[in-house]
Every structure is written in C-alpha cells, then in structure tokens.
Amino acid sequence: MTGPGESSAEHLLSFPNMQRVPSPRLELYQYRNFLDAASCDALVERIEAQHRPSTIADDNGDDLFRTSSTCDLDASDPIVAGLDRLLGHISGIHPAHGEPLQGQRYDVGQEFKPHTDYFEPNGTDYQIHCAVPGQRTWTFMIYLNDVEAGGATRFKWLDKTVQPERGKLLIWNNRRPDGMVNPASLHHGMKVRAGRKYVITRWYRERPWG
Ligand SMILES: O=C(O)CCC(=O)C(=O)O
Ligand SMILES: [Fe+2]
C-alpha cells in the first residue's frame, strides 16, 4: 500500500523501460530515453530564456553549496503541461502533489554539493516549508542533454554515480519504507567540467502543494 503523494516499486516497474538500480539502502530507478529529443531541446530553450541563481532551503553558510541557475517553468506552457501529465502517469502520483516544475542549468565549475532533497525534520525551517504540503516524498529528475564532461549525480552512500544522458529519467524515494527520511538518498550534482548541463526537477509532497 502506498499513501497519497507516494509512488511504488510495483507501479514504476510496470513500465518495461524502468530499471531499478540495485541497492538495499535506497529505492532508485532509471528510465533511459524517457523524454524525446525535441522535448528536451524545447525545455533547454525555456531554461536559457529565463533563469535565476539557484537557492537552498536551509541556508548552511556555504555560498558555493549550490552554484547553478534555476528556471521556474510556466505551468501553462504546453511543453511543461505535457511533461507534468507524463510524470503523473509514470509516478502514479496525482499532479497536485508536485511542486512546480523547475529547470536547472550548470555551467562549467558549477555544482550542487552533497545534500538530501527532504527537509530536516528537526531543522529550523521545517515548518515554513512543510506545514501545508508536508515532507518531500519522491524526486523525479530528467537530464535534458549529454554533458561534454562532468555533471554526474553521485550517491555516495551507494557508491553509485549516474551519468547525465539526454532524456534519462532518474527517480528516487526520499523516505524509507517505514516513512522516515532516508539519509542514503544523499546525492551530489557534481561539477560540470566542459559544456553545460540541464536538468528538470520535480519534487513530490505528502499533501497537495496548494
Ligand atoms: O543536478 C544534479 O545532478 C542533481 C540535482 C539535485 O540534486 C537537485 O536539484 O536537488
Ligand atoms: Fe537534490
């Protein structure tokens, strides 16, 4: 059984192209060629057209912690709306539980240092971020391009490094089966060494976003 805002292994693995990345510590999946090249290119264009410096939820005093740019995608844009529907289908999670879709852009030297996507349950900002929508449950991330060098996503606790690849969807559960947050979901958006990296991020919540 899964609650609202949650995906499940059974649902995800019902798609023939879905692969579970073997690990006893984290539910991690990848789906190659999830998004077609034309849609990836269109989303890269949207990100190029409009982006701002990325931010982090709990300021940790390190200005170099997340050095990328973020694009707040327009939900009424047909490409964005189409992706929203597609993610709803693949995740099995009602789109109302999704945070607005974002694009991220990394230039050479930019990164997102090791972090978890869930909010620290005892963190000072937990109430601000989670009072209405609840905790982040699942992360769905799509690589929009092949990066010339660097830009992999590293899960240190699993000793697993995922290479960016145009159209690849990466999925993980930020919580353990018992509903507690999972520290093994720690991941690092590693520095781009050559070229640029573009991704789409979708975080789902326990309750509707609002
Ligand atoms: O860019 C990546 O590989 C990871 C991005 C990420 O972890 C995030 O946006 O939360
Ligand atoms: Fe993340």
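The values are calculated or read from the model by the stated rules, or taken from the named source; none is laboratory data. The shown structure was predicted, so the numbers you read here are calculated from the model rather than taken from an experiment. Glycine gets a Cβ as well: all are built from the backbone with ideal geometry, and neighbour counts include every protein chain shown. All accessible areas refer to the heavy atoms of the entire protein, side chains included, with ligands and DNA or RNA removed. Shrake-Rupley method; radii C 1.70, N 1.55, O 1.52, S 1.80 Å.
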Probe 1.4 Å, protein heavy atoms only - accessible area per residue of the range 9-199 in square angstrom: 47 Å²
Heavy atoms only, probe 1.4 Å: what % of the accessible area of the range 9-199 goes to carbon and sulfur, would you let me know? 51 percent
With a ≥ b ≥ c taken as the square roots of the eigenvalues of the C-alpha gyration tensor of the range 9-199, please select rounded if a/c is under 1.5 and otherwise prolate if a/b is larger than b/c or oblate if it is not? rounded
In the range 1-109, the trypsin sites (Lys or Arg not before Pro) that fall in loop regions by DSSP, at most 15 other Cβ within 10 Å: 25, 32
Low-density loop positions, chymotrypsin sites (Phe, Trp or Tyr not before Pro), the range 22-115 - DSSP coil, at most 16 other Cβ in 10 Å: 65
Given a cut-off of under 8 Å on Cα pairs at least six residues apart, what relative contact order in percent is computed for the chain? 30 percent
Within the range 90-173: Cβ-based charge dipole about Cα centre, in debye rounded to nearest 20 (Lys, Arg +1; Asp, Glu -1): 160 debye
Rounded to the nearest 20 debye, what is the charge dipole size of the chain about its Cα centre when +1 sits on each Lys and Arg Cβ and -1 on each Asp and Glu Cβ? 520 debye
